[in-house]
Every structure is written in structure tokens, then in C-alpha cells.
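Taking it in order: structure first as C-alpha cells, then the write-up.
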């Protein structure tokens, strides 16, 4: 089983024969680290003071042929003439494994710290690895050595497709040892994502806890009102966000953000009028694009712009024992209403937590109301008149399941 407390060990300069500072880590570089900000974005590591070899990354970088544009900067922030060094982005230096290096023609110590901009690690197809879900899968498989069976492919594929649909691209640098859990959290949280282990011990990945792009087959479980007891509903105003602003384009060499998004275009003015201003300030260290930062802020407001209801209940029938954390289900509560004043029928909820009590033969649930419900659609075959009495699509399904 995956151990999320295990430390991902980065290569160290001490693995090589004549480093300047032996304890320095060789950085992991991902995504398009040529975007945004100014100057160099992370420090190169001197591996050989005699041959003037510097590591740009502790792995290969996307090839120049694939469009990678590598730029190096000196201590004054000036671009170093490419004629002063030779790049090898797939260098098995001193037989210690593939890394990316720049070898200078003369001693470059007076230019240190030397910083870099470049596109990061390529995927198996040679193209830049930038989808945040693919990066998360790489952390698990490539860095932690997990097998493919330890990843839940359904949630992985859905999250990957969701990232593509939203235009998400991740870019960042890992410059020190981190646990696998911390690494996953630092990445996915930038994109409103999360992860956890499912009941079978496989890692599940999500990009948000709303209904997202659910399929009909995901809603096989219905929590029936007659089977539920101790039902309680809560919503906390402090968890709202009707305005989200963000800092992004993190410069890892200077430890500062170089760009910001004010979030005004996606603020929820109606929610602000009802509940007052609820602002969230995000720090997106894995984001370098204004468009991606704007999308993340808009998604956060769409998810948290109104109080999110959390439903706790106890089911005595054990009819839905296969449910796991992260799964979606339907719930019907005749005494609870949606924002339009209609009884909550076939509302889509996400399981945040569950606890089995075998002695009592009961299951306790903590459920997040996604704000969505199971819908009906009607064929355009003339059976339903277009008189405004029925919706062609999007009408709440009032059937019992």
C-alpha cells in the first residue's frame, strides 16, 4: 500500500565528484517555466568546480527540438550569452543517471548564483508534462515507485479530462525533500483538487468536490429518507468565498510571487449582497498563466459563493455499504428545500466521510451537497408540447430509486 509519509529523495550534489556545495538538491522542474515574471526562476547547482558543470534539473528536460527555450541568468539578472556554455538536457553525468546540465567554457563562479528558465520534464511521449493530474500520477508512479494498480483509473481519467476542459497547466519547481502526501497536496490544492485512499487502497484524485462531469453510471446509490435517522444540516458562512484573488508566477530563486489576479471579473455580487464580502486570497505556486489563475478563482467562487450544505445522517439498513469517501450518491429529504424552494429530491451529494458501526448495523455519513440534482431530459418527438410547462433538459428527476 502507498505510504504517503515516505520522503521523496532528490539527487544531491554530493553524488558527484567535485560539487561547490555538496548538500544542495538537484531541483525537479515541471511545466512551462519560461512563462511569467522576470529573470531566472530557480538556481542551477554546481556539480564540478573543475569542469564548470551545472545541473539545471535532477532529470532530463524537454528537448530543444520540441521547442524548449533555455535561458540562463547571472547574479545581476543579466542573460548569459549562450555561446559561453553548452547544454545537455539528457546528460548521464559521471554515470549517476540522466540529468540536465550546462557546461561553461570557463570558470563561472563569479556569475553565481546562476538561475534558469526552461520547460520542465517531458512525458513518455516527449511532450512537456503539464497537466496537473498527469504530474500527480508521475509523483506517485515515477517518484514514489507505485504500481499502476495503486491508482484509481476512473477518478484519474475523469480528473485528467476535467483539467483539459478547464485549460489547467501546472508549472513549478521542487527544490527540497518532501513527503509524497505533501507533494500531492501542494500541487492539487492549487487547482482546487484533493486526493485520498479509496476502500481498496487505491489513490483517488479529484479536481473539485462539485458534481463536475458526472456520468449517469456514477449515481447508482440512493440514500432513501425512510432509512435515515439523526439527519442534521449545517452551513458555515466562514467557508464561503464570493471573491477570490490570487498571487501566481512564483519565482523560486527569489521566493516571491511576481503576478496577481484581482478576481473582480468572477466575484458573486448577489452573494456579497446577501452575506457580505467573503474574500479568499490564494497563493498558486504551481500556476504561471493569467488565464489559469482566473479560471481557478472563478471555479472557487462557483463552488463556495453560497453557503455549502453539509448533511450528516445515520443509515440503519446498510443498503449502501459499498459507498466510499469521494463517491457521489443521491439523497431525498422532503423537509429540506433547494434555493428555489423545492423539496430536495434526488439531490447529488459527495461523501466526505463515513463510519461503519457493525454492532449497531448502521453507517454514519458526512455528505457535501454539490448543489446539483439528477435531471430528466425529453426526446424532441412531439410527445411533450413546447408550452413552457416542462423543461426540455435540466428538469429535476422526481423518480424514486
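Only the coordinates and a few stated rules stand behind these numbers; no lab work does. Everything quoted here is computed from the prediction, not taken from an experiment. Every residue, glycine as well, gets a Cβ built from its backbone with ideal geometry; the counts of neighbours run over all protein chains shown.
Details
- Degrees, to the nearest 10: 290-304 long Cα axis against longest axis of the chain: 30
- Computed packing ranks the peptides 130-137, 278-285 as 130-137, 278-285, most packed first, by mean other Cβ atoms within 10 Å.
- Orientation-averaged projection of segment 1-207 equals 11.8 nm² [convex hull of Cα atoms, one quarter of hull surface area].
- Degrees between helix 153-166 axis and first principal axis of the chain (Cα, 0 to 90, nearest 10): 80
- Point-to-point label distance, residue 75-residue 18, nm (Cα→Cβ direction, 7 Å offset): 2.1
- The chain - Rg and Dmax from Cα coordinates, angstrom: 25.5, 84
- GNM top mover of 293, 360, 106 - the chain, alpha-carbon springs below 10 Å: 360
- Simple spin-label estimate for residue 245 and residue 352 gives 2.7 nm between the two label positions (7 Å along the Cα-to-Cβ direction from each Cα).
- Between residue 269 and residue 164, the FRET efficiency from the beta-carbon distance, with R0 = 35 Å, is close to 0.70.
- Taking only the C-alpha atoms of segment 144-272, Rg followed by Dmax gives 18.7, 59 Å.
- Put simply, the C-alpha atoms of segment 237-304 give a gyration tensor, and the ellipsoid matching it has half-axes of 25, 11, 9 Å, longest first.
- The GNM of the chain, with springs linking C-alpha atoms under 10 angstrom apart, assigns the highest mean-square fluctuation among 262, 152, 338 to 338.
- Pairs of Cα atoms farther than 22 Å apart, segment 8-125, %: 26
- Per-residue extension of 0.36 nm, minus the Cα-Cα distance of residue 224 and residue 258, leaves a gain of 7.1 nm for this segment.
- Between 81, 359, 15, the residue with the greatest mean-square fluctuation in the GNM of the chain (Cα pairs under 10 Å linked by springs) is 359.
- Full-extension gain in nm, residue 112 to residue 125, via 0.36 nm per residue minus C-alpha separation: 1.3 nm
- The listed peptides 302-312, 348-358, ordered by packing as a protection proxy, come out as 302-312, 348-358 (highest mean of other Cβ atoms within 10 Å first).
- Between residue 233 and residue 3, the simple label model (points 7 Å from Cα in the Cβ direction) yields a spacing of 4.6 nm.
- Projection of the Cα convex hull of segment 313-375, averaged over all directions and equal to a quarter of that hull's surface, yields 4.5 nm².
- Only DSSP H runs of four or more residues enter the estimate; each adds -39500 (n - 2.57), and after division by the residues of the chain the mean residue ellipticity at 222 nm equals -4000 deg cm²/dmol.
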